[in-house]
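Trainee: Below is a structure I'd like to ask you about.
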Amino acid sequence: MKIVTLEKFVEKSLEFSTLNLINECFSENRPCLGDESELAMRVIAMDHENVISHAAMYIRSMRIDDYTFKGSIIGDVVVSRNYRGRGLCKIMLDVLNSFNFELKIEHSFLFAYEPKIYLSCGYRNLTNEIKFFDSNCNEWKKFVYKGGLHKQIGNSKLPDGVIDFCGKVY
Ligand SMILES: CC(C)(COP(=O)(O)OP(=O)(O)OC[C@H]1O[C@@H](n2cnc3c(N)ncnc32)[C@H](O)[C@@H]1OP(=O)(O)O)[C@@H](O)C(=O)NCCC(=O)NCCS
């Protein structure tokens, strides 16, 4: 088994296998990978030629009132059924976390179905209200996202207040 980081897919077959894995793992249909222009890094695990897990990190500038910061969002975290419970999710998150430091991200976010999974990676419940663009309905939304998680990377504490994600969440 090997862990690979990618800034973009060069091989179409790898992209196709990753997309298949994501669609297989999520009950709703996700026709495409996230926005390439915001993608900082993907991490995948491979067993021989098969893609068995994937996670991606997207970055952009975000703000709370007049505090502007560089934030990351971790998305499309999946591990193939037969490989679950072996720590692969945690390994991928640890790899992406090293890019949080390298890219001088101040705050990292994750929107989870099962928040408990990410506690050992240092993510904690996000209680701030968030404003984000819902690309399914094509409209801006504002609410406290149940399952929202936050991890402080830089020195500044995340202030209270509405986090303007200045785009969509993953
Ligand atoms: C969620 C998922 C990525 C976890 O992958 P995994 O490789 O099995 O997870 P790991 O083995 O690295 O476990 C990480 C931590 O989560 C815990 N965990 C794993 N599955 C869990 C579950 N279903 N419920 C609660 N905790 C769980 C592990 O005990 C571990 O905690 P620890 O580090 O304190 O020991 C995988 O189950 C999956 O692909 N599910 C379907 C898609 C999905 O829901 N993706 C997440 C979207 S937010």
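No value in this document is a laboratory result; all are computed from the given coordinates. The shown structure was predicted, so the numbers you read here are calculated from the model rather than taken from an experiment. Reconstructed Cβ throughout: ideal geometry from the backbone, glycine too, with neighbour counts over all protein chains shown.
Trainee: Starting from the Cα of Glu139, move 7 Å in the Cα-to-Cβ direction to define the label point; list residues of the range 53-73 whose amide nitrogen is under 17 Å from there.
Mentor: none
Trainee: Enter the Cα centre distance for the pair the range 122-158 and the range 1-23, rounded to the nearest angstrom.
Mentor: Centre-to-centre distance over Cα atoms comes out at 27 Å.
Trainee: Let me spell out the model: positive unit charges on the Cβ of Lys and Arg, negative unit charges on the Cβ of Asp and Glu, origin at the Cα centre of the range 96-170. What dipole size does that give, in debye rounded to 20? Show your work: numbers first, answer last.
Mentor: Working: 10 positive and 8 negative charges, 29 e Å.
That gives a dipole near 140 debye.
Trainee: Related question: Go through Asn100, Ser37, Leu126 and say which Cα lies farthest out towards the positive end of the charge dipole of the chain; charges sit on Cβ, +1 for Lys and Arg, -1 for Asp and Glu.
Mentor: Leu126
Trainee: Still on this structure: How large is log10 of I(q)/I(0) for the chain at q = 0.08, 0.13, 0.18 Å⁻¹ when the intensity is taken from the Debye formula with one equal scatterer per alpha-carbon?
Mentor: Values, matching the q order: -0.23, -0.62, -1.20.
Trainee: Kindly flag which residue pairs out of Lys2/Lys131; Lys90/Lys157; Lys104/Lys131; Lys12/Lys151; Lys2/Lys141 have an alpha-carbon separation exceeding 28 Å in this structure.
Mentor: Those over the limit are Lys2/Lys131; Lys12/Lys151; Lys2/Lys141.
Trainee: What is the magnitude of the charge dipole of the range 2-164 about its Cα centre, with +1 placed on the Cβ of each Lys and Arg, -1 on the Cβ of each Asp and Glu, and no other charges, expressed in debye to the nearest 20?
Mentor: Taking the Cα centre of the range 2-164 as origin, the dipole is about 500 debye.
Trainee: Hey, got a sec? Which GluC sites (Glu not before Pro) in the range 43-117 land in a DSSP loop and have at most 12 other Cβ atoms within 10 Å?
Mentor: Here the GluC sites (Glu not before Pro) that fit, given the DSSP loop and packing criteria, are Glu49.
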